[in-house]
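Here the structure comes first, spelled out in C-alpha cells, and everything after it is commentary.
The values are calculated or read from the model by the stated rules, or taken from the named source; none is laboratory data. Since the structure is predicted, the reported quantities are computational estimates derived from the model, not experimental observations. Here the Cβ positions follow ideal geometry from the backbone for every residue, glycine too, while neighbour counts run over all protein chains shown.
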Amino acid sequence: MAVSVEIPREYGFVVLVVVLYYFLNFWMAIQVGKARQKYKVSYPNLYAIESENKDAKLFNCIQRGHQNSLESMPVFFVTLLVGGVQHPVIAAGFGVLYTIARFFYFKGYSTGVPENRLKIGGLNFVALFGLVICTASFGIHLLIREML
C-alpha cells in the first residue's frame, strides 16, 4: 500500500535552512584553513601533536569544532528534511536555532577552552531533539493515516 505525501509550500523554509547551514560549514572550513596556516599544521595531519606544536590544543579545538559539526550534520539534515515534510515551519525554526547554536558552539570551542562550546552552543542539542520529535511525528502520521 502506497502513501502519497504532499510537500507544503512552506517546505521552502526547510530547504533554505540547508543552504544556510552550507554557508556556516563553509565558513568553519575557512577558519580551520586559517588556523592551519597560523599554527603551522600541514596536511594531511588532521590534528596537531602537542609534543611538536605549542599551539596544538588551540588548533585542535578549532579543528574539533568543525569536525564535530561535520559528524552531526547527517542526523541534522535527515531530521530537518524528513521532519520538515510534516512540520515545515517548526522544523525550519529548529533548523535555524541549530545553525545559530552551531555557530556559537564553534566560536566557543575555538577559544581553546572546550567547555566554552556549550555556553550558547549547547542549544544545538535542544534544536536537534525538536527535529527528532518532528521526524517521529511524521513517521507516526504516515503509519496511522491509513488506519483512520
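I'd like to verify a number: residues in region 1-30 that are within 16 Å of the chain's Cα centre (by Cα) and of a type outside the set (Phe, Trp, Tyr), how many?
Summing the residues that are within 16 Å of the chain's Cα centre (by Cα) and of a type outside the set (Phe, Trp, Tyr) in region 1-30 gives 11.
For region 46-72, which positions are free of Cβ contacts under 8 Å to residues at least 24 places away in the same chain and of a type in the set (Lys, Arg)?
Correct list: Lys54 only.
Could you please tell me which pairs satisfy a Cβ distance under 8 Å, a separation of 6+ or placement on different chains, a first residue in region 73-95 that is modelled with pLDDT of 95 or more and surrounded by fewer than 17 Cβ atoms within 10 Å (Cβ to Cβ), and a second residue that is in a helix (DSSP H, G or I) and of a type in the set (Val, Ile, Thr)?
Every condition considered, the pairs that remain are Phe77/Val18; Val78/Thr135.
I'd like to check something: does region 22-40 contain any residue that is β-branched (Val, Ile, Thr), at pLDDT 95 or above, closer than 22 Å to Leu97 by Cβ and surrounded by fewer than 17 Cβ atoms within 10 Å (Cβ to Cβ)? Explain how you work it out, then say what you get.
Of the residues in region 22-40, the ones β-branched (Val, Ile, Thr) are 30, 32.
So of that shortlist, the ones also at pLDDT 95 or above come out as 30, 32.
Within this subset, residues satisfying the condition of being closer than 22 Å to Leu97 by Cβ are none.
Within region 22-40, not a single residue is β-branched (Val, Ile, Thr), at pLDDT 95 or above, closer than 22 Å to Leu97 by Cβ and surrounded by fewer than 17 Cβ atoms within 10 Å (Cβ to Cβ).
Does at least one position in region 54-65 carry a residue that is of a type in the set (Val, Ile, Thr) and within 30 Å of Leu142 (Cα to Cα)? Lay out the reasoning, then the answer.
In the first step, residues of region 54-65 are kept if they are of a type in the set (Val, Ile, Thr); the result is 62.
Then keep just the ones that are within 30 Å of Leu142 (Cα to Cα); that gives none.
Looking for residues that are of a type in the set (Val, Ile, Thr) and within 30 Å of Leu142 (Cα to Cα), one finds none in region 54-65, hence no.
Could you check how many residues of region 73-116 are assigned to a loop (DSSP other than H, G, I, E, B) and either farther than 23 Å from Gln31 by Cα or not β-branched (Val, Ile, Thr) (or both)?
Within region 73-116, residues that are assigned to a loop (DSSP other than H, G, I, E, B) and either farther than 23 Å from Gln31 by Cα or not β-branched (Val, Ile, Thr) (or both) number 3.
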